[in-house]
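The values are calculated or read from the model by the stated rules, or taken from the named source; none is laboratory data. It should be emphasised that the depicted structure is a prediction, and the values quoted were computed from it without experimental measurement. Neighbour counts are summed over all protein chains in view; Cβ atoms, including those assigned to glycine, are modelled from backbone coordinates with ideal geometry. Side chains are part of the model used for accessible areas, which takes the heavy atoms of the whole protein and leaves out ligands, DNA and RNA. Shrake-Rupley method; radii C 1.70, N 1.55, O 1.52, S 1.80 Å.
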Amino acid sequence: MNTVLSRANSLFAFSLSVMAALTFGCFITTAFKDRRVPVDIHVSKVMLKNVDDFTGPRERSDLGFITFDLSADILPPIFDWNVKQLFLYLSAEYATKSNSLNQVVLWDKIVLRGENTKLNLRDMKSKYFFFDDGNGLRANKNITLTLSWNVVPNAGILPLVAGSGHVSIPFPETYETTKSY
Amino acid sequence: MYLYFEITHFFPSFCLQLYYQVLNFGMIVSSALMIWKGLMVVTGSESPIVVVLSGSMEPAFHRGDLLFLTNRVEDPIRVGEIVVFRIEGREIPIVHRVLKIHEKENGDIKFLTKGDNNAVDDRGLYKQGQHWLEKKDVVGRARGFVPYIGIVTILMNDYPKFKYAVLFMLGLFVLVHRE
């Protein structure tokens, strides 16, 4: 330890190892945590149209409109020292004649560390267009809406957790022909 | 034992040193290669560790963050997952989130992606006329994350002089060490 260079070298190596140990500690202390929380979803309005899919392949497809309410208290079990942000998304899952499994994200939100974590949203409209791949929404008895979240840590595993509380709704048998939404 | 006796007799001592240096170096390189290939097999992905190159997934991932990927067949692609994919004909991998999936009975799946920080989905990025991504375009699904470490790779790509300088110093260090 008698030159500036060797001192700088050991200092650098030491700080690197400490940072690596801290990062590993962050990861291992939160790796096996259960991050599920009860969620309350309620659907107030469902409407169906049949138009050309202007977001992609230009075929006539079913377009669904859902208005929903959402409430959940996500602070306690989820946010800890290793969570940087939560990516929340509301997804609709259903089966049709042409596809055995369809999943569409209707709405999403990013909740950063330190932001308000009580969710209480009313009369929300979907953020993304709910187009089906074809005409499978009409008279579909079972569309399940689930709120899930992707936990983004400071360092470590990126789990996808589904909230425990989902709601199933049927779609109407006829298309809406008026210009309302 | 017999061979060692022969080598020490017929090789002058500095040649022996150099020979061992080269062997050592070769061992290090081949161990690193074995670890990398082993990771590829375990995770099922052709590129198990990637560096995030763009800001389209902020504030979750910034340029320079490292992602650990898996691509196992028994893990189906579902919405909300972060996938790393390549568009046909382009070699830069893109890290975005799955927005929509349509899967058939036999397992054929087509899906749409969008970056968290982008206002629209990725159809503008896909090939002309391509509306969906398929399993074959996927390099892997992001399962783990470490911040900032990949900055070195980005620096080396953006400033090639830095890359040559680092390689030169490494080479020099290996040759000069122990003399």
_If the requirement is being open to solvent by 10 Å² or more (accessible area, probe 1.4 Å), within 11 Å of chain A (Cβ to nearest Cβ) and of a type outside the set (Val, Ile, Thr), which of these qualifies: B:LYS127, B:LYS114, B:LYS136?_
B:LYS114
*asked:* On the basis of being within 12 Å of chain B (Cβ to nearest Cβ), modelled with pLDDT under 85 and assigned to a strand (DSSP E or B), does A:VAL161 make the cut?
replied: yes
*Right, A:THR144: part of a strand (DSSP E or B) and farther than 25 Å from A:LYS33 by Cα or not?*
yes
*asked:* Among the numbered criteria (1) closer than 26 Å to B:ASP158 by Cβ; (2) among the hydrophobic types (A, V, I, L, M, F, W, C); (3) not assigned by the TED database to the domain that holds B:GLY124, which one does B:VAL83 miss?
replied: (3)
_Those residues of segment B:12-62 which are loosely packed, with under 15 Cβ neighbours inside 10 Å and hydroxyl-bearing (Ser, Thr, Tyr), in sequence order_ = B:SER13, B:TYR19, B:TYR20, B:SER30, B:SER31
*asked:* So, in segment A:156-172, exactly how many residues are farther than 23 Å from B:LEU112 by Cα, of a type in the set (A, V, I, L, M) and in contact with a Leu (Cβ under 9 Å, 6 or more places away or on another chain)?
replied: 2
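Residue by residue, here is whether (1) under 19 Å from the mean Cα position of the chain (by Cα); (2) touching a residue at least 40 places away in the same chain (Cβ under 8 Å) holds:
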| residue | (1), (2) |
| --- | --- |
| A:GLY56 | no, yes |
| A:ASP62 | no, yes |
| A:THR67 | yes, yes |
| A:ALA72 | yes, yes |
| A:PHE79 | yes, no |
| A:VAL83 | yes, yes |
| A:PHE87 | yes, yes |
| A:ALA92 | yes, yes |
| A:THR96 | no, yes |
*Test A:LEU121 against the stated conditions and say whether it is on the phi < 0 side of the Ramachandran plot, open to solvent by 30 Å² or more (accessible area, probe 1.4 Å) and at the interface with chain B (Cβ under 8 Å from one of its Cβ atoms).*
no
*Considering every residue within segment B:159-177, establish whether at least one is part of a loop (DSSP other than H, G, I, E, B), open to solvent by 40 Å² or more (accessible area, probe 1.4 Å) and under 30 Å from A:ILE28 (Cα atoms).*
no
_For the structure I just gave you, tell me whether A:GLN103 is in contact with a Lys or Arg (Cβ under 8 Å, 6 or more places away or on another chain), within 14 Å of chain B (Cβ to nearest Cβ) and within 14 Å of A:HIS166 (Cβ to Cβ)._
yes
*Across segment A:81-95, which residue is nearest to the other protein chains (Cβ to nearest Cβ) among those that are closer than 25 Å to B:PHE145 by Cα and open to solvent by 20 Å² or more (accessible area, probe 1.4 Å)?*
A:LYS84
*Given the conditions (1) of a type in the set (Asp, Glu); (2) modelled with pLDDT of 85 or more; (3) surrounded by fewer than 18 Cβ atoms within 10 Å (Cβ to Cβ), and given that A:ASP108 satisfies all but one, which numbered condition is not satisfied?*
(3)
*Spot the failing condition for A:THR178; the list is (1) assigned to a loop (DSSP other than H, G, I, E, B); (2) within 21 Å of B:PRO59 (Cβ to Cβ); (3) more than 14 Å from every other protein chain (Cβ to nearest Cβ); (4) not aromatic (Phe, Trp, Tyr), and only one is missed.*
(2)
*Got a number for residues in segment B:64-92 being under 14 Å from B:ASP116 (Cα atoms) and not acidic (Asp, Glu)?*
5
*asked:* Looking at A:SER71, A:SER98 in this structure, which one is open to solvent by 50 Å² or more (accessible area, probe 1.4 Å) and either part of a strand (DSSP E or B) or under 23 Å from B:GLY107 (Cα atoms) (or both)?
replied: A:SER98
*Check B:GLU91, B:GLU74, B:GLU105 and return the single one that is facing chain A (nearest Cβ under 9 Å), open to solvent by 60 Å² or more (accessible area, probe 1.4 Å), more than 20 Å from A:GLY156 (Cβ to Cβ) and modelled with pLDDT under 90.*
B:GLU105
*Please go through segment B:77-88 and pick out each residue that is farther than 22 Å from B:LYS127 by Cβ and open to solvent by 60 Å² or more (accessible area, probe 1.4 Å).*
B:ARG78
_For the condition in a loop (DSSP other than H, G, I, E, B) and open to solvent by 40 Å² or more (accessible area, probe 1.4 Å), what is the one hit in A:ARG35, A:ARG7, A:ARG58?_
A:ARG58
